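Q: This is the structure I have questions about; it appears just below.
No value in this document is a laboratory result; all are computed from the given coordinates. Everything numeric here is computed off the predicted structure, so don't read it as measured data. Cβ sites come from the backbone with ideal geometry, for glycine too, and all protein chains shown count toward neighbours.
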Amino acid sequence: MSVTIVRRSQILFYMSNFSSLNLEQLAAKLKQSLGIIQKQDIQVVSQILGLQTDNQIQVGDDCAAIPDGDGYLLLAAEGIWHVLVETDPWFAGWCAVMVNVSDIAAMGGKAIAIVDTIWTEDTAKAIPMLEGMKAAAEAFNVPIVGGHTNFHSVYNALGVSILGRAKKLISSFAAQPGDLLVVAIDLQGEMHSKFPFWNAATKAKASQLQENLTIFPYLAENNLCNAGKDISMGGIVGTLLMLIEASKCGAVLNLDNIVCPVNVDLETWLLCFPSYGFLLSIKPQNLDVVKRQFNERNISCNLVGEIIKGSQLILKSQQQSHLFWDFKTDNFILS
């Protein structure tokens, strides 16, 4: 499948989509999005469980990084959105595997094994989810080794956990003022018909999916990336908030440099969950080699901003500048 990519000279076409909606109004809509609001629920969990009290394992990364010999075990879990489970169960199963594999990659690791927890009202409801998980596990070459099953529940739900390993980490806690922000997204896909999910995975070759993930261990082991995160349900904006909160820095995000697929407006794209999408914080001298790793695999990789001192996320576009978030006054996940 091919897709026409919007080059930088064309981005003004998308910016004009909100010319009647100024940057302040756009920021207000982004701030009220479900993906960003839901991220703030983690505060309650962190406070009750005391997740910030163990300094050996920092909470706020895409995975728990557990020191193990000369490297790290990576442990992560994802519960799948109930609406997706009900309306597109096969894709829900696929996504359950895919998002966990992406979390492992985002920290510079390689996935080892998966376990699932599936609750459905009957066996028929479970079959498409199981088939979706199986297809994704085969595509990414990560075995499903067990889990928990209940086909006599009063509701349908799916969760998946994953184990991986990394020699060196790409951490959410290591962004530094002066770093450049790049967004890497596989744009060779299509938007889900009902939800803001950019799917560049289910029709791709398994060999390409696996090769694309090898970029991140390479970046980590060669000290080419200070920090990074998998772009999640909060989209580019929500993911950047999580990154700078963990690193105790601020950032400037230049919306004019964000590359969108044709027929996807900027507001949707800023909150979209891509099947392969990562936000990276890198030193300026590493920009060319990092971009080359992605571009050689036909993955879009663009400079979209920078890390700055302070506690603010500032959005910029067409000579406009807007304070989107200030951690001194706005709580998010870890605050």
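Q: Using the Cα gyration tensor of region 58-119, with a ≥ b ≥ c the square roots of its eigenvalues, what is the shape: rounded (a/c below 1.5), prolate (a/b larger than b/c) or oblate (neither)?
A: prolate
Q: Rounded, prolate or oblate: pick one for region 169-274, where a ≥ b ≥ c are the square roots of the eigenvalues of its C-alpha gyration tensor, a/c under 1.5 means rounded, and failing that, prolate if a/b is larger than b/c, else oblate.
A: oblate
Q: Rounding to the nearest 10 and keeping the result within 0 to 90°, find how far the Cα-based axis of helix 235-247 lies from the longest principal axis of the chain.
A: The answer is roughly 80 degrees.
Q: On to the next question. So how do Thr149, Thr120, Thr268 line up by other beta-carbon neighbours within 10 Å, fewest first?
A: Thr149, Thr268, Thr120
Q: Next up: Which of Thr239, Thr117 comes first, and how do the rest follow, when ranked by fewest Cβ neighbours within 10 Å?
A: Fewest-to-most ranking of Thr239, Thr117: Thr117, Thr239.
Q: Could I ask something else about it? Identify all lysines with a Cα-Cα distance to Lys31 below 16 Å; exclude those on the same chain that are fewer than 8 residues away in sequence.
A: Output for Lys31: Lys39, Lys316.
Q: Rounded to whole Å and sorted largest first, what semi-axes of the equivalent ellipsoid does the C-alpha gyration tensor of the chain yield via the square root of 5 times each eigenvalue?
A: Equivalent ellipsoid of the chain: 29, 23, 21 Å, largest first.
Q: Estimate the FRET efficiency between Lys31 and Glu138 by the formula 1/(1 + (r/R0)^6), using the beta-carbon distance for r and 35 Å for R0, to the nearest 0.05.
A: Efficiency, from the Cβ-Cβ distance: 0.35.
Q: With +1 assigned to the C-beta of every Lys and Arg and -1 to the C-beta of every Asp and Glu, and no other charges, what is the dipole magnitude of the chain about the Cα centre in debye, to the nearest 20?
A: 700
Q: Additional query: What's the exposure ranking of Ile258, Ile244, Ile112, going from fewest to most Cβ atoms within 10 Å?
A: Lowest count first: Ile112, Ile258, Ile244.
Q: According to the square roots a ≥ b ≥ c of the eigenvalues of the Cα gyration tensor, what is the shape class of region 63-166, taking rounded for a/c under 1.5, prolate for a/b larger than b/c otherwise, and oblate for the remainder?
A: prolate
Q: Based on alpha-carbon centroids, what's the gap between region 64-120 and region 205-284 in Å, whole number please?
A: 17
Q: While we're looking at this one, here's another question. Could you work out how far helix 89-106 tilts from the main Cα principal axis of the chain, as a 0 to 90 degree angle to the nearest 10?
A: With rounding to tens, the tilt is 60 degrees.
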